[in-house]
Amino acid sequence: MKKVRALQILVYIVFGLFVFQNMAADVWQGFKDGYNDGAAATNGAARFGPTLKATIDGSFISQKNNGEMKVGENYTLKDIIINSDIVVNNDNISAAWPLNAIEIGLLLVTAVIAIRVAQLINKVIINIVNGTLFEPQCIKLIKSTGILLLLFTLVDYIEQQVSYQVLIAKLHMPLKIINTSAFNFGTLIFAILVFILAEAFKQGARLKEEQALTI
C-alpha cells in the first residue's frame, strides 16, 4: 500500500510540475512587470508595458539582401529567427480585452484538465490494487482519461493560436511575429494508446465473463 501511495503522490507531483511549467513563468513575469511599473510610477518615470515573449523574423536587422546576415568570412545566416522578451513602451498599444480574457481562460482550462487527468489516473491505480481492473467502472475511467487528453491537445492548440493573436495585436512594424503554434502530437499519441488500453481491458473483461460462464 505504501508503494501505491507513493505512486499516487508521484502522479500528482508530475502533473503539478507540468502545470507549473506552463503557467509559472508567465505569473512570475507578470509580478515583475507590475513591481517595475509601480516603482517607475513612484519615481515619476515612464510606465512600461508588459513583457511579451515572442519569436520574430530577424530579417529586418539583416545586413544583406533577402534576409541574410554575414558572420565572419565563412558564414551567411539565412531565415533569421529571434526569440525575445519585448517590452511595449506605449500604453495605447494593447489587445482587445476579450482576447486577453480568452487566453487566460484557456490557460486555466488546460490546468484543470491536467489536474483531472491526474485524479483519474490515481483512481485507475486504486482499481488495479483492488483487482477490479476489468470492471466497467475502471474501463470507463480509462476512456475518460483518453477523452480528456484529446481535449487537452485541442484546448492547448487553440490557446497557442489565441496567444499569437494577442501578440500581433500588440506588436507591429518593424517587428514581424512568427506563429510558432504547434499541435501536441505527443499527447495525441498517448491518448490513442490510452483508448487502445481501454479496449484491451474491455476485451479482457469479456473473456473473463466467458471463462466464468464456461466453468
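Structure above, values below:
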read-out: Test result for GLU103, open to solvent by 60 Å² or more (accessible area, probe 1.4 Å), under 25 Å from LEU150 (Cα atoms) and among the charged types (D, E, K, R); value: no
read-out: Check on GLY131, open to solvent by 20 Å² or more (accessible area, probe 1.4 Å) and either modelled with pLDDT of 75 or more or among the β-branched types (Val, Ile, Thr) (or both); value: yes
read-out: Qualifying residue in the stretch 160-182 (condition: of a type outside the set (Asp, Glu), out of contact with any helix residue (DSSP H, G or I) (no Cβ under 8 Å at 6 or more places or on another chain) and within 23 Å of PHE15 (Cα to Cα)); value: yes
read-out: Looking only at the stretch 1-21, and only at residues there that are farther than 21 Å from VAL112 by Cα and open to solvent by 80 Å² or more (accessible area, probe 1.4 Å), the one that is modelled with the lowest pLDDT; value: MET1
read-out: Number of the exception - CYS138 against (1) surrounded by 13 or more Cβ atoms within 10 Å (Cβ to Cβ); (2) in a loop (DSSP other than H, G, I, E, B); value: (2)
read-out: Pick from the stretch 158-191, criterion open to solvent by 80 Å² or more (accessible area, probe 1.4 Å) and without any contact (Cβ under 8 Å) to a residue 40 or more places away in the chain, ranking: farthest from ASP85 (Cα to Cα); value: ILE189
read-out: Condition check for ALA118: within 21 Å of the chain's Cα centre (by Cα), closer than 30 Å to ARG206 by Cα and either at pLDDT below 90 or not hydrophobic (A, V, I, L, M, F, W, C) (or both); value: yes
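The values are calculated or read from the model by the stated rules, or taken from the named source; none is laboratory data. If you're wondering where the values come from, they're calculated on a predicted model, not measured in any experiment. Ideal geometry is used to build each Cβ from the backbone, glycine not excepted, and the neighbour counts take in all protein chains shown. The accessibility values were calculated without ligands, DNA or RNA, using every heavy atom of the protein model including side chains. Shrake-Rupley method; radii C 1.70, N 1.55, O 1.52, S 1.80 Å.
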